[in-house]
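Everything on this sheet refers to the single structure shown next.
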Amino acid sequence: MNFKPEHPIGIFDSGIGGLTVANAIHRFLPEERLIYFGDTAHLPYGDKSADAIRYYSLRISKFLLEQNCKMIVIACNSASSAAYDMLLDFFEGKALFVNVVDPLVNAVISQGYQNVGVIATKATINSSIYRNKIKAGNQKIKVNQLATPLLAPMIEEGFYNGTISKSIIETYLAHDELHGIDALLLACTHYPLIRKEIDDYYGGRVAILDSTDVVRDEVKRILSEEKLLCPARISEDRFFVSDFTSSFEETAKNFYGQDIHLEAKHIWS
Ligand code: DGL
């Protein structure tokens, strides 16, 4: 690896949900230049096969490496579950990869929760990655998983903090599988946008954990260990999508917390 601190950090997701992670990194490490890729042409990843998600992740990582990214953050649980190991093998020595699963698993284990619920896409739940990794760290922790496939498209369409989202969220959270939990993992990078609604449902009785802060901390830890933290910003962040619509740009603002300009980038031809 021949990277310099001023090289950018690449971040990708199936769509604009990964902007929640990008924004956490941006606010924590404002000197870092980000190159974001949202694969809006193929979202949702949560309903795709692991093979399809691996193929998309490979091609996007290649694009981000062509932009000289020193690190690639897989800001999508579905892609982290299906493709992280393969990307590590395939691009061995070519970039630093960070997934969004391991930091959340480590937080659960170190914070001592005993009965943990996981909500995520079908792809993430079917992989059982959270159950397997949490159990590998501490066999005694009970892990209850529930696929919540309506949530990402609902959020992506801007339906949150309203009656529709309230009713869908309540229907999912009332599921038997989640009874008696002491912590709930929001194992999809779209879900920080409905964190408050989930918190309201539990009235503070259940700890809610998402990937934003833990991933941001992990990015800083690795860059600092590798002496790759950027000392001063040299140019602006860029946000690419594989299929542009003005409604994505509108929703993207809500995910990133400020106005951003999305650029169409066709990497599939
Ligand atoms: N943001 C993606 C994740 O964390 C899910 C959205 C999708 O299904 O594409 O899994």
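The values are calculated or read from the model by the stated rules, or taken from the named source; none is laboratory data. Keep in mind that this is a model prediction, so the values were computed, not measured. Here the Cβ positions follow ideal geometry from the backbone for every residue, glycine too, while neighbour counts run over all protein chains shown. For accessibility, only protein heavy atoms count, side chains too; no ligands or nucleic acids. Shrake-Rupley method; radii C 1.70, N 1.55, O 1.52, S 1.80 Å.
For this structure, a couple of remarks:
- Cα-Cα pairs of segment 125-269 separated by more than 24 Å (percent): 48
- Over segment 67-111, the pair-distance histogram of Cα-Cα distances with 5 Å bins from zero comes to 5, 22, 27, 23, 15, 6, 2, 0 percent, rounded to whole numbers.
- Computed from the C-alpha gyration tensor, the three semi-axes of the ellipsoid equivalent to the chain are 28, 21, 17 Å, from longest to shortest.
- Electrostatic bookkeeping for Gln67 treats Lys and Arg as +1 and Asp and Glu as -1; over the other residues with beta carbon under 11 Å from its beta carbon, the sum is +4.
- For segment 139-208, alpha-carbon Rg relative to the globular expectation (2.2 N^0.38 Å, N residues): 1.08
- Calculated log₁₀ intensity ratio I(q)/I(0) where the Debye formula runs over C-alpha points of segment 1-114, q = 0.14 Å⁻¹: -0.56
- Relative to the longest principal axis of the Cα atoms of the chain, the long axis of helix 163-173 lies at roughly 70 degrees.
- Tilt relative to the chain, helix 77-90 - C-alpha long axis, 0 to 90 degrees, to 10: 40
- The residues of the chain expose on average 44 square angstrom of accessible surface per residue, using a 1.4 Å probe on protein heavy atoms.
- The trypsin sites (Lys or Arg not before Pro) of segment 173-206 that DSSP puts in a loop, and whose beta carbon has at most 10 other beta carbons within 10 Å, are Arg205.
- For segment 194-225 versus segment 40-82, the spacing of their alpha-carbon centroids is 22 Å.
- Legend: residue pairs Lys4/Lys122; Lys4/Lys133; Lys70/Lys166; Lys227/Lys253; Lys48/Lys94; Lys48/Lys253, Cα-Cα distance threshold 29 Å; pairs beyond threshold, Lys4/Lys122; Lys4/Lys133; Lys70/Lys166; Lys227/Lys253.
- Cα-projected label distance for Thr171 with Asn132, points at 7 Å along beta-carbon direction, nm: 3.1
- Rounded percent of accessible protein surface that carbon and sulfur make up, the chain, 1.4 Å probe: 49
- Segments 4-14, 218-228 sorted - mean Cβ within 10 Å per residue, highest first: 4-14, 218-228
- Nearest-ten-degree value, helix 50-66 long axis tilted from longest Cα axis of the chain: 30
- Global dimensions of segment 189-265 from alpha-carbon coordinates: Rg and Dmax equal 16.6, 44 Å.
- At q = 0.10 Å⁻¹, base-10 log of I(q)/I(0) for segment 67-173 (Debye sum, equal scatterers on each alpha carbon): -0.37
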